[in-house]
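Novice: One structure follows; several queries about it will come next.
Every read-out reported here was derived from the displayed coordinates using simple, explicitly stated rules and does not represent laboratory data. Just so we're clear, the structure is a prediction, and the values are computed from it rather than from any experiment. Note that each Cβ is placed from the backbone with ideal geometry, even for glycine, and that neighbours are counted across all protein chains shown.
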Amino acid sequence: MKANIGITENDLREVSLLLNKLLADETVLYIKTRNYHWNIEGDNFIEMHTFYENQYKQLEEIIDEVAERIRFLGHYAEGRLKDFLKLTHLQEQDYTSDQKVQLANLLIDHESIIVSIRKEINAVNDKFHDAGTTDFITGIMTQHEKMAWFIRSYLK
Ligand SMILES: [Fe+2]
């Protein structure tokens, strides 16, 4: 059934596509963070292993919320890896167990998601008239700002 929530069909479709792109970004970043949790090496192994675990758990929650919001809007959430790779704007790098490289890669992704959400906030609100999604993605942006700060604090 269509969602009759005061937003046109076209706007619901546009916002759902934006959210599916965000879902793809979050999924790629989740997998990358989880891989670093597995492959990190160094004399602070347990600290970094746990640090990455805390971050991928936050991303896992974000992923679920983004997918469910797409359903609130009456559309289907993407769920195939090939679709995520088509939709994401993030890059996958070579494998590394080096902490500095791992953190630098993650920081690029978090900051890139922050910049992309910040651009979408205006479109979602002014062009597609979806105040709920505007508020929702603003909250996600804030979570990434905090995760990015944690990562940046290791890189000074
Ligand atoms: Fe684990």
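Novice: Which condition does Gly42 not pass, out of (1) farther than 18 Å from Glu111 by Cβ; (2) within 11 Å of the ligand (Cβ to nearest atom), if it passes all the others?
Specialist: Only one criterion in (1) farther than 18 Å from Glu111 by Cβ; (2) within 11 Å of the ligand (Cβ to nearest atom) is unmet by Gly42, namely (2).
Novice: In this structure, does Arg13 turn out to be more than 16 Å from the ligand (Cβ to nearest atom), in a helix (DSSP H, G or I) and either in contact (Cβ under 8 Å) with a residue 40 or more places away in the chain or basic (Lys, Arg) (or both)?
Specialist: Criteria met by Arg13.
Novice: Would the range 61-70 turn up any residue that is farther than 12 Å from Asn20 by Cα and either within 16 Å of the ligand (Cβ to nearest atom) or in contact with a Leu (Cβ under 6 Å, 6 or more places away or on another chain) (or both)?
Specialist: Looking for residues that are farther than 12 Å from Asn20 by Cα and either within 16 Å of the ligand (Cβ to nearest atom) or in contact with a Leu (Cβ under 6 Å, 6 or more places away or on another chain) (or both), one finds none in the range 61-70, hence no.
Novice: Please count how many residues of the range 18-33 are without any contact (Cβ under 8 Å) to a residue 40 or more places away in the chain and not aromatic (Phe, Trp, Tyr).
Specialist: Number satisfying all stated conditions: 1.
Novice: Can you give me the number of residues within the range 69-114 that are surrounded by 16 or more Cβ atoms within 10 Å (Cβ to Cβ) and over 20 Å from Phe150 (Cβ atoms)?
Specialist: 10
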